[in-house]
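Novice: Structure below; questions to follow.
The values are calculated or read from the model by the stated rules, or taken from the named source; none is laboratory data. From a predicted model like this one, the values you see are computed outputs, not experimental measurements. Glycine gets a Cβ as well: all are built from the backbone with ideal geometry, and neighbour counts include every protein chain shown. Heads up: the accessible areas ignore ligands, DNA and RNA and are worked out on the full protein's heavy atoms, side chains in. Shrake-Rupley method; radii C 1.70, N 1.55, O 1.52, S 1.80 Å.
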Amino acid sequence: MAPRKHSPIKHGRKPLKPIAPEPDLTANCGGIKSPNPFWLASAPPTNSGPQIMRAFDYGWGGAVWKTLGEDPAVINVTSRYGAIDLGGQKIAGFNNVELITDRPLADNLKEMYEVKKRYPKHAVIASLMVPCERKNWHDIVKRTEDTGCDGLELNFGCPHGMSERGMGSAVGQVPEYIKMVSEFVKEVARTPVLVKLTPNITDIRYGARAAKAGGADGVSLINTINSVMGVDLDTMVPKFAIDGYGAHGGYCGPAVKPIALNMVSQIATDPETRGLPISGIGGVSDWRDAVEFMLLGSSNVQVCTAVMHYGFRIVEDMRSGLINWMRSQNFTKLDDFVGKTAPRIVEWKKLNLHHKTIAKIDASKCIECDLCHVACQDTAHQCIVRPMDMGGKGRLPTVIEEDCVGCNLCSLVCPVESCITMEAVPTGHAPFTWEQYTKNGFKGYKEVYKRYHEPQKTGKKS
Amino acid sequence: MGSVVPKPKSQPKTIADFPGLQEMVPAMRKEEARVESSRCLTCFDAPCVTACPTHIDIPRFIRQINSADPIGSAVTILEANPLGHSCARVCPVEALCEGSCVYMGWHEKPIQIGRLQRYATDVLHGERIQPFTPGKDAGKKAAVIGAGPSGLSCAAYLRRLGVAVTVFEAKPMPGGLNTYGIAEYKLSKPQSLEETELVLDLGADVRFGVRIGKDIQFDKIVREFDAVFLGVGLGAGQALGVPGEHLPGVYEALPFIERIKAHDFSAIPTGSTTVCIGAGNTAVDVVTQAKRLGTPKVVMAYRRGPEDMPAYEYEYDLAKGDAVEFLWHVVPVQVLGTKAVTGIRFARVTEKGGKLVPVPKSEFDVPCDRIVKAIGQKAQGDTLRALSGLDLDPKGRVVVDAKTLATSNKKVWAGGDAINGGKEVVNAAADGKRAALSIYKAVTGRQPVPEHGYWISTIEGRGKGGAAKALSY
């Protein structure tokens, strides 16, 4: 029976179009290749071989093994994690006082060898932390690389416990140490070396420059941020406590992403480190976070908190979302967009002072909660008014456009999607920056918004 | 407002004249979908997934909506259930996924899984994207008899496995009851058809208007194909078995609904009083739509009480909300009228020793101009036996192996209403999926390639096979 096209189905719709082919997700960070850019960060999820293999089965492209150290292995406290919930959202921020692996080095190395044998295409990266002596680093690098792992990550970021012992962030906070230990490692390493940086510093660029100077093949950031999660108001002991006492831990999760994005973009745009491969870490929870890190210059991303919240399975949605976004942008490989947005993060002095936006409230969408009004009135520029405050009737807020400075606050507090939008207003003036303004003797700025104005008077009594 | 020209009375009515027949549950707006999806806890081994006969990974598709990947979300849904677009509208979610939401045991409303599912598949259909591709030619061909939910599901997976598929369908359009027999306010014909198109677009050869045993012999199909899937659904409606049943004005439920679905409003006069016999879900579709057509008085009559009615409770609520009247514990004894229906005579019944017996001298008449019989469809027992020679159970249902859906003929598999006597669209979709995999294995002697791992894992509803491998380490 010859194949025959089915009779046309009359439903008045346009013809179907086939979905675009899957883009190539192969990632390369400093010479470490993985089938996709999603790695598990060095943390509890990568504590053992079986965990990592299960993660690979779900689709993770790589895993940075929970940091290996010298025997005898560390001892952990019980009660290790704390979290901040925000409204209905559990774990907006997460913190921990867990140390590096508490398993014997030989056990970890044996499992690493097994994992690599069974998953040759996935990236297995060994995170390492030993005292700052050449011999110690040489020993562990050699032993670790014998497992067949694909790369090393030097943990100069852990901010609790290990730092008190002169390791972790105690190294990452001193650029000279970063450079020195990187050099120790590069003397013997056969695989690419990433340096994991601590955000508990003043300027991340110094650490990145030191890593580069020490010969590192790339940097990974951010490690966790010093933090205390809170105090229990009934018992007045810290949240969380170990026999009544707390210690500062490392803060991570969705809340830290903007801090991480800033640091990634700083390294990506610093003339001294531009082009240094970056593995982005910090609050990556879904594909959109990953894309943001990559647009700002990361070659790949590492994930921990979201996995600790939901399990390894989330990589399936991350893969799907990334693929469909790349399709929508006609990207066929990661390099089509990695770093694309980095040049758009500039110094403040290079921003265009003649650019103007103002708020527009879509009255048809407004539900009249008047949060924009109070926010603007009390804390911004007093340009959103309501008839009821002007002697009239009604709560519907409106923008006094000539008073609006385009600060965004109203659109940020508005609960209704696309009800308040910030719209660009052509000023007709050429771009003009603070840099130009100061060079020009504080002249040449056109007043694109009202800088000096009387606060809007509202209230019937006034 | 511009001037409104009044419609001449002679002009035929359109669907626009019946607001009650238009989509009852509103679609979710993007913002609403984002907020609702953020409520989902993303349970592991979620009870909603277990409750769904097709085991769609619900937490995953909800997460995908929440992370602005509606196309990926629709793919997650349709991978597990090619009928996911219609199931999102017609599934008894209160009894399945939403009814098992962990929030039910807490202080929260369950996640609106049905509406979220609809949001995702609507985006896919709105963009007219075909996310699936036919599999590499497996060198085998299968016949699918019936383009209803089970047949379509089976055809979808067979095509994705690379098996050539020819579909034989008696009606002029695909979709089965989705296209012809579901309340208009739940699922419209174009919505059903766009769903079938996504399946048939994978290269199924469809023969419409072909009746087995009349236009083509079953034996010939079995001879010519490597495998046959039988998804023929149920047969004609049950008869009341009372005098006057054949008078004009007496309808069977499905043809009655079919006319509404066809928007053939001239063929379904509004009337003054409609009496529906039966109290199942189809009966509810009848009485609610009769009301929404504008019939002033609609009565649902059932031989038992409301506690025994087969319809789901929320369907009963729907009928009550439409101001339908109810007659409980009655059986029809005669349809009244000479040239057309003028009324119906009931007798009251009571239960004695598990049997319903008429109450003496309890007869009473209800004047009406339309009677709709919704007391179930007959299995195609005799017809099927004569046609196919397959083993049937005493109720006329095709006997199948529960795991493979294989019948007594080694080249024939069956699913849907023909094997279960009449269940949900989602059950039929699950059957089609299960049968497609066993057909593929039987005709090729091979296991499917790993790319099919996800949807195959949804047949039994187990987790990913790979995990076990790692755990054995």
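Novice: Within 10 Å, count the other beta carbons around each residue, average over each peptide in A:344-350, A:31-37, and list them highest first.
Specialist: Taking the mean over residues of other Cβ atoms within 10 Å, the ranking is A:31-37, A:344-350.
Novice: How much accessible surface area, in Å² rounded to 10, belongs to the heavy atoms of B:Glu363 with a 1.4 Å probe?
Specialist: Approximately 110 Å² of B:Glu363 is accessible to the 1.4 Å probe.
Novice: Within 10 Å of each Cβ in peptide A:15-21, how many partner chain Cβ atoms are there on average? Round it to a whole number, please.
Specialist: Counting other chains' Cβ atoms within 10 Å and averaging over A:15-21 gives 5.
Novice: Nearest 500 deg cm²/dmol is fine: what mean residue ellipticity at 222 nm does chain B get from its DSSP H runs of n ≥ 4 alone, each adding -39,500 (n - 2.57), divided by its residue count?
Specialist: Value at 222 nm, helices only, nearest 500: -10000 deg cm²/dmol.
Novice: May I pose another question? Taking B:Lys220 as the anchor, which lysines have their alpha carbon closer than 29 Å to its alpha carbon, excluding any fewer than eight residues away along the same chain?
Specialist: Within the straight-line cut-off, B:Lys220 pairs with A:Lys5, B:Lys136, B:Lys140, B:Lys141, B:Lys171, B:Lys378, B:Lys395, B:Lys403, B:Lys410, B:Lys411, B:Lys433, B:Lys441.
Novice: Checking the cross-link filter: which lysines have an alpha carbon closer than 20 Å to that of A:Lys186, excluding same-chain neighbours under 8 positions apart?
Specialist: The qualifying lysines are A:Lys33, A:Lys135, A:Lys142, A:Lys196, A:Lys212.
Novice: If packing is taken as the mean number of other Cβ atoms within 10 Å per residue, what is the order of A:171-178, B:429-436, highest first? Can you show the working numbers first?
Specialist: Numbers: A:171-178: 21.9, B:429-436: 29.8.
My ranking of the peptides, most packed first, is B:429-436, A:171-178.
Novice: Still on this structure, please answer the following. On average, how many beta carbons from a partner chain sit within 10 Å of the beta carbon of a residue in A:49-55? Each step should come with its number before you reach the end.
Specialist: Values: counts 2, 5, 3, 2, 7, 8, 2.
Neighbouring Cβ atoms belonging to other protein chains average 4 per residue here.
Novice: Specify whether the C-alpha gyration tensor of chain A places it in the rounded, prolate or oblate class, a ≥ b ≥ c being the square roots of the eigenvalues: rounded for a/c under 1.5, otherwise prolate if a/b is larger than b/c and oblate if not.
Specialist: Prolate, since a/c reaches 1.5 and a/b exceeds b/c.
Novice: Moving on. Report the number of Lys pairs in segment B:250-373 whose alpha-carbons are under 25 Å apart, with separation of 8 or more residues or on distinct chains.
Specialist: Qualifying lysine pairs in segment B:250-373: 15.
Novice: Amide H of B:Val144 versus every other amide H placed in the peptide plane: which residues, excluding those fewer than 5 positions away on the same chain, fall under 5 Å?
Specialist: B:Thr166, B:Val167, B:Phe168, B:Phe229
Novice: Could you please state, rounded to a whole Å, how far the C-alpha centre of segment B:93-156 is from the C-alpha centre of segment A:195-253?
Specialist: 45
Novice: A further question follows. Relative to the Cα centre, what is the charge dipole magnitude of segment A:21-73, using +1 at the beta carbon of each Lys and Arg, -1 at the beta carbon of each Asp and Glu, and rounding to the nearest 20 debye?
Specialist: Rounded to the nearest 20 debye, it is 40 debye.
Novice: Right, something else. If you look at just the Cα atoms of the protein assembly as shown, how large are its Rg and its Dmax in Å?
Specialist: Looking at the protein assembly as shown, its Cα Rg and Dmax stand at 34.0, 109 Å.
Novice: About its Cα centre, how strong a charge dipole does segment B:324-473 have in debye, to the nearest 20, once Lys and Arg get +1 and Asp and Glu get -1 at the Cβ?
Specialist: Using Cβ point charges on Lys, Arg, Asp and Glu, segment B:324-473 gives about 380 debye.
Novice: For chain B, what is the percent of antiparallel DSSP beta bridges, rounded to the nearest 5? Each step should come with its number before you reach the end.
Specialist: On the way: 17 of 49 bridges.
Beta bridges within chain B, antiparallel portion: roughly 35 percent.
Novice: Can I ask one more? Once you list every other residue whose beta carbon is under 11 Å from the beta carbon of A:Arg103, what net charge do they have if Lys and Arg are +1 and Asp and Glu are -1?
Specialist: -2
Novice: Per residue, what volume in Å³ does the convex hull of the Cα atoms of segment A:222-304 enclose?
Specialist: Values: hull volume 8.4 nm³, N = 83.
Residue-normalised Cα hull volume stands at 102 Å³.
Novice: Under 11 Å from the Cβ of B:Cys52, count the other residues' Cβ atoms, weight Lys and Arg +1, Asp and Glu -1, and hand me the total. Could you put the intermediate results ahead of the total?
Specialist: Working: positive: none; negative: B:Asp57, B:Glu98, B:Glu424.
Residues close to B:Cys52 contribute a combined charge of -3.
Novice: Where Rh is the Kirkwood radius over the Cα pairs of chain B, the temperature 25 °C and the viscosity 0.890 mPa s, what D in µm²/s does Stokes-Einstein return?
Specialist: For these conditions, the coefficient is 103 µm²/s.
Novice: Sticking with this one: Taking every alpha carbon pair in segment B:250-373, what does the distance histogram look like in 5 angstrom bins from 0, in percent?
Specialist: 2, 11, 22, 23, 20, 13, 6, 2, 1, 0
Novice: Now for a separate question. Order the peptides A:43-52, B:72-81, A:191-200 from the highest to the lowest mean number of other Cβ atoms within 10 Å of their residues.
Specialist: Order by mean packing, descending: B:72-81, A:191-200, A:43-52.
Novice: Still on this model: Which one of B:Ile113, B:Ile71, B:Met28 is farthest out on the positive end of the charge dipole of segment B:1-122, using unit charges on Cβ (Lys, Arg +1; Asp, Glu -1) and the Cα centre as origin?
Specialist: So the residue furthest toward the plus end is B:Met28.
Novice: Also, quick follow-up: Taking θ = phi - 60°, what integer Hz values does the Karplus form 6.51 cos²θ - 1.76 cosθ + 1.60 yield along segment B:111-127, in sequence order, with x for Gly and Pro?
Specialist: Using θ = phi - 60°, the values come out as 4, 7, 5, x, 5, 5, 4, 5, 4, 5, 6, 5, 5, 4, 5, x, 8 Hz.
Novice: Charges only on Cβ, +1 for Lys and Arg, -1 for Asp and Glu: so what's the dipole of the protein assembly as shown about the Cα centre, in debye to the nearest 20?
Specialist: The calculation lands at about 2140 debye.
Novice: Rank B:Leu437, B:Gly416, B:Gly389 by how far each Cα sits towards the positive end of the charge dipole of segment B:310-462 (+1 on Lys, Arg Cβ; -1 on Asp, Glu Cβ) and give me just the farthest.
Specialist: Comparing the listed Cα positions along the dipole, B:Gly389 ranks first.
Novice: Please average, across the residues of B:62-72, the number of beta carbons from any other chain that are within 10 Å of each residue's own beta carbon, and give a whole number. Show your work: numbers first, answer last.
Specialist: Values: counts 1, 10, 8, 1, 2, 10, 6, 11, 1, 8, 11.
Mean shielding by partner chains, rounded to a whole number: 6.
Novice: Aspartates and glutamates within cross-link reach of A:Lys356: Cα-Cα under 19 Å, excluding same-chain residues under 8 positions apart?
Specialist: Within reach: A:Glu347, A:Glu401, A:Glu402, A:Asp403, A:Glu423, A:Glu435, A:Glu447.
Novice: Considering the options A:Thr235, A:Gly161, B:Ile145, tell which one lies farthest towards the positive end of the dipole of the protein assembly as shown, charges being +1 on Lys and Arg and -1 on Asp and Glu at the Cβ, about the Cα centre.
Specialist: B:Ile145
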